[in-house]
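Engineer: Quick one: the structure is below, questions incoming.
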Amino acid sequence: MKLKGWKEVTPGAVILEAGSAAHFKTGSWRAFRPIWKEEYCIQCLFCWLYCPDMAIKVRDGKRAEFDYDYCKGCGVCAFECPGKKGNKAIVMEEEGK
Amino acid sequence: MAKIVAATGNEAVANALRQVDPDVCAAYPITPQTELMQRFSSFVSDGIVKTELILVESEHSAMSACVGAAAGGGRVVTATSSQGLALMWEILFIASGLRLPVIMPVVNRALSAPINIHGDHSDAMGARDSGWIQLWSENAQEAYDNTIQAFRIAEHLNVRLPVMICLDGFIISHSIERVEYLEDSDVQNFVGDYRRVNPLLDIEHPVSYGPLILPDYYMEFRKAHDDVMAGVDEVVLKTGDEFEKISGRRYGLFEKYRIDDAEIGMVILGSAAGTSKDVIDGFRDMGIKAGLLKPRLFRPFPYEEVGSALNHLKAVCVLDRADAFGGSYGQLFLDISTSLYPFEKKPILINKIYGLGGRDYLPEHAEFVLKELAGIAETSKVRTFKEYIGVRE
């Protein structure tokens, strides 16, 4: 994408387009990657609720895959995940391993 | 018809705010500004204005509330002095960076330590580079007139920047002077309806304020701010022309007093200019060609115009009511020096620091300076480039 010049930027850096955070991909910041283990998922959607970005997809009311373009690897989803019978449905794995 | 009253500077500015009737005011008391907001809050309590008055717990909060209200789409005012302005420092840059036209009378007072409540320019000089426009006043009339014009300047669609209206603490804020008030309707017509730009409260057009801007864009926003600043003088002049039509009082970027044919000159901000003019008249009577330049628009500083107004002189003294510690000279001196640098022919410049912490600036101080300038003009010899005057050894 061509970067705008100083004459083209909005005064005061005000963002005029709603939902434009989708253009800003933050996945490259990640040091740990959350892995979804569907067999332990109880579909509580806590991960979707707690995710501070939009890294968890929901399809037809059900937990779907991670969208790693927006996952910074903060681990909040893994922390909050109640899992099933003592097994977390989200676990963090180090990137690049 | 204008109404002539006896009023303090604080009272006159509070009256200007009443006439404008802004949407929101967030304020915290601090000497010597307290009387200004006390009077304005009485207008709110008495139902004379419709302003939403937000009482906050600090000046940091006052400016933060102003930022929120202005981003929301309101015409917003506050006022402060000294430590209060210092506490706002962080948020000053946010107000200007977000291009919010907040209006703030600053009743100039010295900074602590040692703590002092009296008139001095250290506070506003500390906010010199905050991206705000600064208009300086010599007396209560100018403080009143500058406050009204500040709304037009700040809210101009080519500007959209916050404005400080500077008036000397106690000397202007608490002295009772003759002031001409305009008719309420004339002031309201002059400032006009507030034009909202990208207001947060327009929920049909959602916007976001204050995003993180990384190295790929930060410089573009700074350059845009600098470019807007460069166009402010034109808006200030046009606003002054319009204001003259309703008031009969003329305002430019600075005031020139007997300077065009002068050989020696003083440059001085604020209330001390009045005392100096009186002394200059006495020197003129003695056949000494003395004059004065009093900056009004201090930020953005009109370098070219000021340089052109001073370059014909033989010797100039810049008087600063603050000191830029470690910068060798006072803040005003540094700007005057910069203004004159491009000219091949320029006066010898000296700097005096005066009146700190409310120390009286007396006619004999102006006489002392003018005599020294007359000597420099004659001999081209300078005793010292910078010194404190009115200070005990």
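Engineer: Looking only at the range A:10-63, count how many residues are of a type in the set (Asp, Glu) and assigned to a loop (DSSP other than H, G, I, E, B).
Structural biologist: Final tally of qualifying residues: 3.
Engineer: Still on this structure: Would you pick out the residues in the range B:365-385 that are among the charged types (D, E, K, R) and crowded, with 20+ Cβ neighbours inside 10 Å?
Structural biologist: Correct list: B:Glu372 only.
Engineer: Being assigned to a helix (DSSP H, G or I) and touching a residue at least 60 places away in the same chain (Cβ under 8 Å) is the filter; apply it to the range B:334-364 and report the residue that is surrounded by the fewest Cβ atoms within 10 Å (Cβ to Cβ).
Structural biologist: That would be B:Pro363.
Engineer: Quick check on B:Ala70: is it crowded, with 24+ Cβ neighbours inside 10 Å and over 17 Å from the mean Cα position of the chain (by Cα)? Steps first, please.
Structural biologist: Values: crowded, with 24+ Cβ neighbours inside 10 Å: yes; over 17 Å from the mean Cα position of the chain (by Cα): yes.
Yes: the conditions hold for B:Ala70.
Engineer: Right, next: Within the range A:70-78, can one find any residue that is of a type in the set (Ser, Thr, Tyr), without any contact (Cβ under 8 Å) to a residue 24 or more places away in the chain and either within 14 Å of chain B (Cβ to nearest Cβ) or surrounded by 14 or more Cβ atoms within 10 Å (Cβ to Cβ) (or both)?
Structural biologist: No: zero hits.
Engineer: Can you tell me which residue is farthest from the chain's Cα centre (by Cα) among those in the range B:131-140 that are of a type outside the set (A, V, I, L, M, F, W, C) and more than 14 Å from every other protein chain (Cβ to nearest Cβ)? Walk me through how you get there before you give the answer.
Structural biologist: First, the residues of the range B:131-140 that are of a type outside the set (A, V, I, L, M, F, W, C): B:131, B:134, B:137-139.
Okay, now just the ones that are also more than 14 Å from every other protein chain (Cβ to nearest Cβ), so B:134, B:137-139.
Numbers: B:Gln134: 4, B:Ser137: 6, B:Glu138: 10, B:Asn139: 12 Å.
Among them, the one singled out is B:Asn139.
Engineer: Looking at the range A:80-97, which of its residues are surrounded by 13 or more Cβ atoms within 10 Å (Cβ to Cβ) and touching a strand residue (DSSP E or B) at 6+ places or on another chain (Cβ under 9 Å)?
Structural biologist: A:Glu80, A:Cys81, A:Gly83, A:Ala89, A:Ile90, A:Val91, A:Met92
Engineer: So, in the range B:162-189, of the ones that are in contact with a Leu (Cβ under 8 Å, 6 or more places away or on another chain) and not β-branched (Val, Ile, Thr), which residue ends up farthest from B:Ser82 (Cα to Cα)?
Structural biologist: The selected residue is B:Pro162.
Engineer: For the range B:172-206, which positions are aliphatic (A, V, I, L, M) and in contact with a strand residue (DSSP E or B) (Cβ under 9 Å, 6 or more places away or on another chain)?
Structural biologist: B:Ile172, B:Ile176, B:Val179, B:Leu182, B:Val187, B:Leu200
Engineer: Mind listing whichever residues of the range B:164-208 are of a type in the set (Val, Ile, Thr) and either away from chain A (no Cβ under 11 Å) or closer than 30 Å to B:Thr34 by Cβ (or both)? Steps first, please.
Structural biologist: So in the range B:164-208, the residues of a type in the set (Val, Ile, Thr) come out as B:165, B:171-172, B:176, B:179, B:187, B:191, B:197, B:203, B:207.
Matches in the range B:164-208: B:Ile165, B:Ile171, B:Ile172, B:Ile176, B:Val179, B:Val187, B:Val191.
Per-residue answers, yes or no, for (1) of a type in the set (Val, Ile, Thr); (2) out of contact with any Leu (no Cβ under 7 Å at 6 or more places or on another chain); (3) more than 14 Å from chain B (Cβ to nearest Cβ):
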residue: A:Gly19; (1), (2), (3): no, yes, no
residue: A:Ser28; (1), (2), (3): no, yes, no
residue: A:Ala31; (1), (2), (3): no, yes, yes
residue: A:Ile35; (1), (2), (3): yes, yes, yes
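Engineer: Can you list residue pairs whose Cβ atoms sit under 8 Å apart, with the first residue in the range A:1-14 being facing chain B (nearest Cβ under 7 Å) and the second being of a type outside the set (A, V, I, L, M, F, W, C) and surrounded by fewer than 12 Cβ atoms within 10 Å (Cβ to Cβ)? Count only pairs 6 or more apart in sequence or on different chains.
Structural biologist: Sorted first by the residue in the range A:1-14, then by its partner, the pairs are A:Leu3/B:Asp216; A:Trp6/B:Asp227.
Engineer: Could you please let me know if B:Val77 is among the β-branched types (Val, Ile, Thr), more than 26 Å from B:Asp323 (Cα to Cα), crowded, with 18+ Cβ neighbours inside 10 Å and within 14 Å of chain A (Cβ to nearest Cβ)? Lay out the reasoning, then the answer.
Structural biologist: Values: among the β-branched types (Val, Ile, Thr): yes; more than 26 Å from B:Asp323 (Cα to Cα): yes; crowded, with 18+ Cβ neighbours inside 10 Å: yes; within 14 Å of chain A (Cβ to nearest Cβ): no.
Answer is no for this residue.
Engineer: Among the residues of the range B:365-393, what is the count of those that are free of Cβ contacts under 8 Å to residues at least 24 places away in the same chain, under 18 Å from B:Lys314 (Cβ atoms) and not in a helix (DSSP H, G or I)?
Structural biologist: Looking only at that region, the number is 2.
Engineer: Could I ask something else about it? Considering the range B:304-333 alone, what residues qualify as being under 18 Å from B:Arg258 (Cβ atoms), in a helix (DSSP H, G or I) and not β-branched (Val, Ile, Thr)?
Structural biologist: Within the range B:304-333, B:Glu305, B:Ser308, B:Ala309, B:Leu310 meet the criteria.
Engineer: Just wondering, is there one or more residues in the range A:47-60 that are farther than 16 Å from B:Leu214 by Cα, touching a Lys or Arg at 6+ places or on another chain (Cβ under 6 Å) and more than 14 Å from every other protein chain (Cβ to nearest Cβ)? Spell out how you get there, then give the answer.
Structural biologist: Initial filter on the range A:47-60 (farther than 16 Å from B:Leu214 by Cα): A:47-60.
Now restrict to residues that are touching a Lys or Arg at 6+ places or on another chain (Cβ under 6 Å): none.
So far as the range A:47-60 goes, no, none of its residues is farther than 16 Å from B:Leu214 by Cα, touching a Lys or Arg at 6+ places or on another chain (Cβ under 6 Å) and more than 14 Å from every other protein chain (Cβ to nearest Cβ).
Engineer: Restricting to the range B:87-125, name every residue that is in a helix (DSSP H, G or I), of a type outside the set (Asp, Glu), more than 14 Å from every other protein chain (Cβ to nearest Cβ) and within 16 Å of the chain's Cα centre (by Cα).
Structural biologist: Scanning the range B:87-125 gives B:Leu92, B:Ser122, B:Ala124, B:Met125.
Engineer: Is it the case that B:Lys238 is surrounded by fewer than 14 Cβ atoms within 10 Å (Cβ to Cβ) and over 20 Å from the mean Cα position of the chain (by Cα)?
Structural biologist: When the stated conditions are applied, B:Lys238 does not pass them.
Engineer: Where residues in the range B:263-284 are crowded, with 21+ Cβ neighbours inside 10 Å and among the hydroxyl-bearing types (Ser, Thr, Tyr), which of them is farthest from B:Phe170 (Cα to Cα)?
Structural biologist: B:Ser276
Engineer: Something else about it: Can you run down the residue pairs with Cβ atoms below 9 Å, 6 or more apart or on separate chains, where the first is in the range B:209-227 and at the interface with another protein chain (Cβ under 8 Å from one of its Cβ atoms) and within 17 Å of B:Pro300 (Cα to Cα) and the partner is small (Gly, Ala, Ser) and loosely packed, with under 11 Cβ neighbours inside 10 Å?
Structural biologist: Listed pairs, sorted by first residue: B:Lys223/A:Gly5.
Engineer: Based on what the data block shows, is B:Arg128 at pLDDT 95 or above, more than 17 Å from the chain's Cα centre (by Cα) and of a type in the set (Lys, Arg)?
Structural biologist: no
Engineer: Also, I was wondering about something else. Are there strands (runs of 3 or more DSSP E) fully within the range B:1-64 with at least 3 residues that are within 19 Å of B:Ile148 (Cα to Cα)? List them.
Structural biologist: Of the strands (runs of 3 or more DSSP E) lying wholly inside the range B:1-64, those with at least 3 residues that are within 19 Å of B:Ile148 (Cα to Cα) span B:3-8, B:24-27.
The values are calculated or read from the model by the stated rules, or taken from the named source; none is laboratory data. The structure presented is a predicted model; accordingly, all values stated were derived computationally and were not measured. Because the Cβ atoms are built from the backbone with ideal geometry, glycine has one as well, and the counts that use them run over all protein chains shown.
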